[in-house]
Amino acid sequence: MNWQQLWLGLLLPLTVSGWAVGPAENDAAVSYLLQYGYLQKPLEGPDDFNPEDITEAIRVFQEASGLPVSGQLDEATKVHMKLPRCGLEDPFNQKTLKYLLLGRWRKTHLTFRILNLPSNLSPHVARGALLQAFRYWSDVAPLTFREVKAGWADIRLSFHGRQSKYCSRNFDGPGRVLAHADIPELGSVHFDEDELWTEGTYRGVNLRIIAAHELGHALGLGHSWYAKALMAPVYTGYQPSFKLHPDDIAGIQALYGKKTPEREDEEETEVPSVAPVPTEPSPMPDPCSGDLDAMLLGPQGKTYAFKGDYVWTVTDSGLGPLFRVSALWEGLPGNLDAAVYSPRTQWTHFFKGNKVWCYINFKLLPGFPKKLNRVEPNLDAALYWPLNKKVFLFKGSGYWQWDELAPTDFSNYPKPIKKLFTGVPDQPSAAMSWRDGRVYFFKGKHYWRLNRQLRAEKGFPRDIAQNWMHCRPRTTDSTPASGGAIASTMGDTLFSLPGNITFREPK
Ligand SMILES: [Ca+2]
Ligand SMILES: [Ca+2]
Ligand SMILES: [Zn+2]
Ligand SMILES: [Zn+2]
């Protein structure tokens, strides 16, 4: 028996009054309840819905929508299900009925990039609406948002149609779903290109209000029970004097705290919120450039890539956001020479100039940084080799082998890299042993994979950007024009959004 028969056969007797809808409408209602998280598909059995669950789902939906609670698919409920809304689910906070928190950025100074603009609104007006959307949140919480016109940004706004190569969620043409966004710390905010985006009029869909709602998600808020809240799932239309609802404000302040007067002064100066370092940060690197200072297979098997003042994680499905190095490892400078984690000791060593830092997880061990004195300063790279449980340090054409737990006689070092590692370049920019038990060397835009005999495998070097950083091959016209011009191609092409592109593990 399929669910439709179940619905008609079992639910009908429970909902006799006013039940004059056809199967197509039931169908639409159930898929709505499923899509927005009111109804869960049972794990086993195809589409085997319990009619009581459907009634309960309708009841919750009616309550959340401020409708008379009947548990029946009445006219008001059907109309409400057709209202334009956000594409995200409604897993409301059923305990407190307050705002729901979905995640949080570990920093409060965020960058954003507008990758393209809607075609029916003047770029100037559209940009103004998007910038104001950020302002609603930065007015009530100690958050700052800085626009970047190129390279990586924490929050990336773009418009796409029914399908996008760069997004796993489809849009549905004009009406219904208007936009969707990722929760922290992913940062994608997408608008349905097929809507009539407007500003300052009751016609169409107000870009500013929808953008503010989606930014709420991007900052970590879920949907609110309060129909008047910005974070309510349904779009209630243009409001000339739009303001955040107290529930929206309470939600964002639960995540990031209240905006204090002192912090207000800082807003323009972009002071890093965590572990300020005295120097200005270097520009955010583009992970797709392929250039690296260091690579690290850290605790819990996490892969970190370092460049300049920034570090990001590399996963099978995409890249994590870029963090200041000092935001993760307190007291650690950027522009590192080398990094290595040893599962044997749990120590992570970082090298820069003539200094070495040692952390366990993200905690600096007492007495560090220390001066490097038995190996040369300005190392190129470092790796841990699980087969002999030693740390290897590289500089120029030479290497040192170091036992972390025993006094090491370095008098025979450095030895030529080529004596132990075959087919790899001198002066690597980074090196590591990875989860697959292989050793990797990185230099410039290329990397080499070594077999267990430490010999570079056939088919290498390969491209770091494509195989590690999830970047698509660059084309000359893939960067959107800056200055508010409408870009015809999605700037997203330079970045693969997590979850959308299958990771080709380096072979
Ligand atoms: Ca739509
Ligand atoms: Ca290096
Ligand atoms: Zn939403
Ligand atoms: Zn999308």
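Database remark: amide H of F159 closer than 5 angstrom to the amide H of N116, F191 (H placed geometrically; neighbours at sequence offset of 5 or more, or on other chains; Pro and chain starts carry no H). Say R0 is 22 Å: what FRET efficiency, to the nearest 0.05, do T201 and H124 get from their beta-carbon distance? In this case the efficiency is close to 0.90. A simple spin-label model places the labels of T345 and D27 6.6 nm from each other, with each point 7 Å out along Cα-to-Cβ.
In this structure, the amide hydrogen of E147, modeled 1.01 Å from its nitrogen in the peptide plane, lies closer than 5 angstrom to those of F112, counting only residues at least 5 positions away or on a different chain. Measuring between alpha carbons in the structure, the pairs from K371/K418; K352/K443; K371/K395; K302/K352; K302/K390 lying more than 25 angstrom apart are K371/K418. How would you classify the range 348-425 from its alpha-carbon gyration tensor, with a ≥ b ≥ c the square roots of the eigenvalues: rounded for a/c under 1.5, else prolate if a/b is greater than b/c, otherwise oblate? Judged from the Cα gyration tensor, the range 348-425 comes out prolate (a/c at least 1.5, a/b above b/c). Extending 7 Å from Cα along the Cβ direction at D426 and again at N412 yields two label points whose distance is 2.2 nm. Between the beta carbons of L101 and K302, assuming R0 = 30 Å, the FRET efficiency works out to 0.80 to the nearest 0.05. Using the Cβ-Cβ distance between R135 and W434 with R0 = 41 Å, the FRET efficiency computed as 1/(1 + (r/R0)^6) comes to roughly 0.40. If you take all other residues with their beta carbon under 10 Å from the beta carbon of A339, and give Lys and Arg +1 and Asp and Glu -1, the sum is -1. The residues packed around R104, meaning those with a beta-carbon under 14 Å from its beta-carbon, carry a net charge of -1 if Lys and Arg are +1 and Asp and Glu are -1. For the listed peptides 225-235, 396-406, a ranking on the average number of other beta carbons within 10 Å per residue, highest first, reads 225-235, 396-406. The mean sequence distance of close C-alpha pairs (under 8 Å, at least 6 residues apart), as a share of the length of the range 109-262, puts its relative contact order at 24 percent. Around L215, under 12 Å between beta carbons, what's the net of Lys plus Arg minus Asp minus Glu among the other residues? Charge balance in the 12 Å sphere: -1. Taking a point 7 Å from the Cα of K370 along the Cα-to-Cβ direction, the residues of the range 394-410 with backbone N closer than 18 Å to it are 394, 400-410.
Throughout, read-outs are computed from the coordinates displayed, never taken from laboratory work. Note that the structure is predicted; figures quoted are calculated from it, not measured. All Cβ positions, even for glycine, are placed from backbone atoms using ideal geometry, and neighbour counts span all protein chains on display.
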